[in-house]
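J.: Handing you this structure, nothing more for now.
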Amino acid sequence: MALHLLFESASGYSLFHAYGLDEIGQNTEAVLDLTRFSKVIKLTSFHPFSSALDALNQCNAISEGIMTEELRNFLEMNLPKVKDGKKAKFSLGVAEPKVGSQVFEVTKIPCQSNEFVLELLRGVRLHFDRFIKDLKPSDLEKAQLGLGHSYSRAKVKFNVNRVDNMVIQAIFLLDTLDKDINSFSMRVREWYSWHFPELAKIVNDNYLYAKIAKFAENKSDLSENHIPELSELVGDEEKAKEIVEAAKASMGQDLSPIDLINVQQFAQRVINLSEYRKKLYEYLVTKMNDIAPNLASLIGEVVGARLISHAGSLSNLAKCPSSTLQILGTEKALFRALKTQGNTPKYGLIFHSSFIGRASARNKGRIARYLANRCSIVSRIDCFSEGNTSVFGQKLREQVEERLDFYDKGVAPRKNVDVMKDAIESVLNVAEKDAGFRTIPFLVYTLDVVCFRRRKSRSWRHN
Amino acid sequence: MLVLFETPAGFALFKVLDEGKLDKVEDLWKEFTSAESARKIVKLQAFNKFENTSDALSAATLLIDSKPSKGLRKFLRAHCDGETLAVADSKLGNAIKDKLKIDCLHNNAVMELMRGLRNQLTELISGLAVQDLAPMSLGLSHSLSRYKLKFSPDKVDTMIIQAIGLLDDLDKELNTYAMRVREWYGWHFPELAKIVQDNIQYAKAVKLMGNRTNAVSLDFSEILSDETETELKEAAVISMGTEVSDLDLVNIKELCDQVLALSEYRAQLYDYLKSRMNTIAPNLTALVGELVGACLIAHGGSLLNLAKQPGSTVQILGAEKALFRALKTKHATPKYGLIFHASLVGQAAPKIKGKISRSLAAKTALAIRYDALGDGQDNSMGLENRAKLEARLRVLEGRELGHSAGSTKGKPKIEFYDKDRKKGAGALITPAKTYNSSADLVLSQATDPTPTKPASEQEAAFPKKRKRQETEPTPTEKSTDEALANQAKDEGEKRKKKKKKLTEVDNTDSPISRDEAEEQVKKKKKKIAKVENTDSPIGDPTSRDEAEGQVKKKKKKDSKQEAELVHHPPLEEEPSKKEKKKKKQVEEEQAPGDTIQKKKEKKKKDKAGH
């Protein structure tokens, strides 16, 4: 009885024909030796996957024991027909018994899956690149790697919109852009000031300066006719008049046309870069609202993104205790303080949150601690909950506000329990409207663990 | 009577109300101590404001030449009918009289009046406050002085300094952004970073492709070569990158746009720099090229500053750190700074880079002065000098070629040859070169360092060669003649000692060297019987020479052996025994520099020998 082997590789299905099996038996030596092995095993056909997506689908189907259309066609095309009611004169060796039974049910092809078949398939896998002539060894490896990655991503329910890496990239880029735009605008100022030194004092904003420099070109051409356009640019007619006046009495030197053109071009570059920065900022905001809505609403998008990028990822941030979060970004000062036995720093990146600026000097440390506390809660919610709501962030933000008031005027803040109840109620309200919200129990549990118990232990310590 | 008064803001005509006061010139100033009293004497009749600074400048320049401008003439015609006009400049008065038939007056009293007017100017002219007048007079004076200096905006070199600084900045930023694109898009398609190396191509490809699944259906032929395109398409199908959302892709594409726009601007800026350099410093540009020229100007601060530097300073401009370090540690000072990047220095062989850079710096200094202070606008002087320098380069290189006469091509194996050239330099009181037939038979012998010469020549040439070699590593060594004499002495002694057999091992340098020399002689003895036979007195010149000649012959054999191994520099190759000995000999002569380790090795060998 002839034995066929079905082998699923990362680049496609393949069928092998095995004969003269006695010679090889279950001798592992023979499997390892290609010359002997290739005498008993021959490739009969190969069906490559059309794309990575196709490969992933096939891979998923096989892992769940399902036969796909492609596989069925492939088998029926390349194996002899099985007549109804007659026993087939061959059998198909497969690695996965589930697939085998499925194949048998649908196509009546008898399948077998045992140690012997597995052993043969092991040999096939070992020598696969020799059997298929056109396949370069590196190709197969790449295909395996790609398939492996996408398969595992699919398994962990990878969500494209929640990749925190993008936020990290964006915040890095934003920082570089800020630096560059500043240095470039300074250069525009310096450059154009040769021609029109008075403008630098009149217009302080870099972006506006570049725009005016672009618009004004040669200062001696500037006249009263330009005031309407200029005031549209500046947004202030007085300033526009001032600029025109200054241009008339300017002590700057004349520039040759080619210099002027160059300055114009450079100003245009700066304008474009600033506009790109604005777009990038918008992108960061939308991304942050996708990835960490609560964190964003509590502490702001930029600071939130910085926290994430500093921790490495959102899940890393969620793993930080709030004390770590509080001094994230001042590691240098912290370790210096630890070494010299001085005072450890009170705040790191979260200093850039507006809350800390609003607190009075002696309360800055307290509010930083409290804020860090809330941030770590919120980052855990963002990281581990599946729902996309910013209710918690807003509620916790209110709490921080109240705490500020408390330090400032002595107004007693609401109890934590009440706030959380509020929050959960509003989440449930939303959830009722939106039936797809599956994560309430998880959320409640998270809160239970993260907020209440923590608060209890803290209050106990205070007492 | 009217008074014409020129201000930076425009022309003013004052009417003198009380002409009687003018008679008392000495007391006139009292009337102008306060604004009220001044108003009693003069009243503003008319004021003609300048349109802008350039208008003011043209009027002012004409006034300086005592000519009334067109605006002034019109103004006077309109406001000054049949009255006498007091002016501050008598020549101007004459001109006005000629042209406009207006009687003009200029005397002491008028000057005093002007002084008073200037004192109370802002009070007398309504709508002309101090804060308005100040910037106008400042602007006018700046432009006037620029005009006087025959200032040309085409000659502004600050722009060049800015531009070269910006160019550096742009390069840096461009790189950062391109790296960011790679990192960002690498999340989606990590393989692309390896397939497309060039940053700009990468950005273009990403911009075109977007999602990597699109890659298969797209045509990259405008961006990439055929091989990379197919490679890219293959990789796109089986990539292990994650999926990204469309929003991310949009932003990545925008970043690509920025990268491309920046690179485009960089190209523009480079063109700009080139054209500016050609107008500002044409000769400098002709000599060293745009970029190096711009760097030099930027480093010097301005073209004029640079013109004040001597050639030697120009030569090492940009290598200040190395220079001062060298001065402090008493080492050799650097040979070139920024000028190193000039193409002329780049062309030169390593050996003559220093020479060329010196000549180039000298010519560059001249060109800079010509550009900064001369009136010529063309670059003929620069081109001429460049041609001269190129000729000099050829001459220098030709001489170098002459040194390595045996080689067929001018490019010898560098390290090997440098050494030999040092030796050869002194020896070449150029004997006629014979054709080296061995050179054209075997390629590997083409670089034979010691061409075959008649034996007599060799004897004449080699001792000198030898001297060079010895003196060069340690210049403070005792004179080479002495060294040679010592060596001969050593050899003499050795022969005696050899019989005794050395048993003691000294730590001092000289005994060791003797041991070494002895060993060497032992080896040599078999072959060079002659030397042994002529047991010559110490320092006898003839016998020494003879002995040396023999040694040299041996050396020649060695060097032939070396020539067969040309591909390895002599220090690295596994030397034959003879060569080892030879090397050791050289080392002995540098004995003070010997390391302890080497001594130990020698000792070991000595012991083994016994």
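The values are calculated or read from the model by the stated rules, or taken from the named source; none is laboratory data. Nothing here was measured: the structure is a model prediction, and the numbers come from that model. Every residue, glycine as well, gets a Cβ built from its backbone with ideal geometry; the counts of neighbours run over all protein chains shown. Surface accessibility is based on the protein's heavy atoms, side chains included, excluding ligands, DNA and RNA. Shrake-Rupley method; radii C 1.70, N 1.55, O 1.52, S 1.80 Å.
J.: Tabulate in residue order the Karplus-calculated ³J(HN,Hα) for the stretch B:17-34, using 6.51 cos²θ - 1.76 cosθ + 1.60 with θ = phi - 60°, rounded to whole Hz; enter x for Gly and Pro.
T.: Values per residue, Gly and Pro as x: 7, 10, 6, x, 4, 5, 5, 8, 5, 5, 9, 4, 4, 5, 5, 9, 5, 10 Hz.
J.: Counting only chymotrypsin sites (Phe, Trp or Tyr not before Pro) that sit in a DSSP loop (anything but H, G, I, E, B) with at most 16 other Cβ atoms within 10 Å, what is the longest stretch of chain A containing none of them?
T.: Longest stretch, sites excluded: A:159-463.
J.: A further question on this structure: On the first, second and third principal axes, largest extent first, how far apart are the outermost C-alpha atoms of the stretch B:89-162 in Å?
T.: The Cα atoms of the stretch B:89-162 stretch 53, 33, 21 Å along the principal axes, largest first.
J.: Can you show me the helix-derived [θ] at 222 nm for chain A, built from DSSP H runs with n ≥ 4 at -39,500 (n - 2.57) apiece and divided by the number of residues, rounded to the nearest 500.
T.: -20000 deg cm²/dmol
J.: Using the structure shown, select from A:Lys98/B:Lys233; B:Lys172/B:Lys274; B:Lys40/B:Lys148; A:Lys219/B:Lys204; A:Lys319/A:Lys346 the pairs with a Cα to Cα distance greater than 28 angstrom.
T.: A:Lys98/B:Lys233; B:Lys40/B:Lys148; A:Lys219/B:Lys204
J.: Which far-off residues, 5 or more places away or on another chain, put their amide H under 5 Å from the one on B:Val42, with H placed in the peptide plane?
T.: HN-HN under 5 Å from B:Val42: B:Leu17.
J.: To the nearest whole percent, what portion of all C-alpha pairs in chain A is separated by more than 39 angstrom?
T.: Pairs farther apart than 39 Å: 56 percent.
J.: Same structure, new question: Need one number: nm distance between label points at B:Asp226 and A:Thr344, each 7 Å from Cα along Cα→Cβ, rounded to one decimal.
T.: Each label point is offset 7 Å from its Cα along the Cβ direction, giving 6.6 nm.
J.: May I ask you to give the percent of accessible area on the stretch B:40-199 that is carbon plus sulfur, with a probe radius of 1.4 Å?
T.: 51
J.: How big is the Kirkwood radius of the stretch B:245-299, worked out from every pair of different alpha carbons and given in Å to one decimal?
T.: Over the stretch B:245-299, the inverse of the mean reciprocal pair distance is 13.2 Å.
J.: Here's something else I'd like to know. I need the calculated FRET efficiency for the pair B:Asp198 and A:Asp175, taking r as the beta carbon distance and R₀ as 22 Å, to the nearest 0.05.
T.: 0.25
J.: Please go through the stretch A:59-109 and write out the GluC sites (Glu not before Pro) that DSSP classes as loop and that have at most 11 other C-beta atoms within 10 Å.
T.: Answer by residue number: A:Glu64.
J.: Okay, moving on. Distance from the Cα centre of the stretch A:291-305 to that of the stretch A:239-275, in angstrom?
T.: Between the Cα centre of the stretch A:291-305 and that of the stretch A:239-275, the gap is 39 Å.
J.: Under 25 °C and 0.890 mPa s, how fast does the stretch A:292-421 diffuse according to Stokes-Einstein, given a Kirkwood radius computed over C-alpha pairs? Answer in µm²/s, whole number.
T.: D = 164 µm²/s.
J.: For the stretch B:59-131 and the stretch A:127-162, what is the separation of their Cα centres, given in Å?
T.: With the stretch B:59-131 and the stretch A:127-162 each reduced to a Cα centre, they are spaced 92 Å.
J.: Quick check for me: using +1 on Lys/Arg Cβ and -1 on Asp/Glu Cβ, what's the dipole size of chain A about its Cα centre, in debye to the nearest 20?
T.: That gives chain A a dipole magnitude of about 2260 debye.
J.: Taking θ = phi - 60°, what integer Hz values does the Karplus form 6.51 cos²θ - 1.76 cosθ + 1.60 yield along the stretch B:177-183, in sequence order, with x for Gly and Pro?
T.: 5, 4, 5, 5, 4, 4, 5
J.: If you take the Cα Rg of the stretch A:140-277 and divide it by 2.2 N^0.38 Å, with N the number of residues, what do you get?
T.: Here the Cα radius of gyration is 1.63 times the empirical estimate.
J.: Are there trypsin sites (Lys or Arg not before Pro) in the stretch A:59-161 that DSSP puts in a loop and that have at most 15 other Cβ atoms within 10 Å, and which ones?
T.: When the trypsin sites (Lys or Arg not before Pro) of the stretch A:59-161 are filtered for loop state and at most 15 Cβ neighbours within 10 Å, A:Lys81, A:Lys83, A:Lys86, A:Lys87, A:Lys89, A:Lys108, A:Lys133, A:Lys157 remain.
J.: Another question about this same structure. A:Ser323 to A:Leu145: FRET efficiency via 1/(1 + (r/R0)^6), r the Cβ-Cβ distance, R0 45 Å, to the nearest 0.05?
T.: Result of the calculation: an efficiency of 0.65.
J.: Ignore the peptide's own chain and count Cβ atoms of other chains within 10 Å of each Cβ in A:240-250; give me the average, rounded.
T.: Rounded to a whole number, the mean comes out at 4.
J.: Further, regarding this structure: So which trypsin sites (Lys or Arg not before Pro) in the stretch A:348-428 are both in a DSSP loop and have at most 11 other Cβ atoms within 10 Å of their Cβ?
T.: In loop regions of the stretch A:348-428 (DSSP not H, G, I, E or B), the sparsely surrounded trypsin sites (Lys or Arg not before Pro) are A:Lys415.
J.: Past 29 Å, Cα to Cα: identify those pairs from A:Lys241/B:Lys253; B:Lys15/B:Lys91; A:Lys214/A:Lys278, in the order given.
T.: From A:Lys241/B:Lys253; B:Lys15/B:Lys91; A:Lys214/A:Lys278, over 29 Å: A:Lys241/B:Lys253.
J.: Out of all Cα-Cα pairs in the stretch B:22-143, roughly what percent, to the nearest whole number, are more than 19 Å apart?
T.: The calculated P(r) of the stretch B:22-143 puts 56 percent of pairs beyond 19 Å.
J.: On to the next question. Pull out a ≥ b ≥ c, the square roots of the eigenvalues of the alpha-carbon gyration tensor of the stretch A:223-361, then state rounded if a/c is under 1.5, prolate if not and a/b is larger than b/c, and oblate in the remaining case.
T.: In terms of gyration-tensor shape, prolate.
J.: Using only the alpha-carbon atoms of the stretch B:19-88, report the extent along each of the three principal axes, biggest first, to the nearest angstrom.
T.: 37, 28, 21
J.: So how much accessible surface do B and A hide from each other in total, probe 1.4 Å, in square angstrom to the nearest 100?
T.: 4900
J.: Once ligands and nucleic acids are excluded and a 1.4 Å probe is used, how much of B:Ile223 is accessible, expressed in Å² to the nearest 10?
T.: 30
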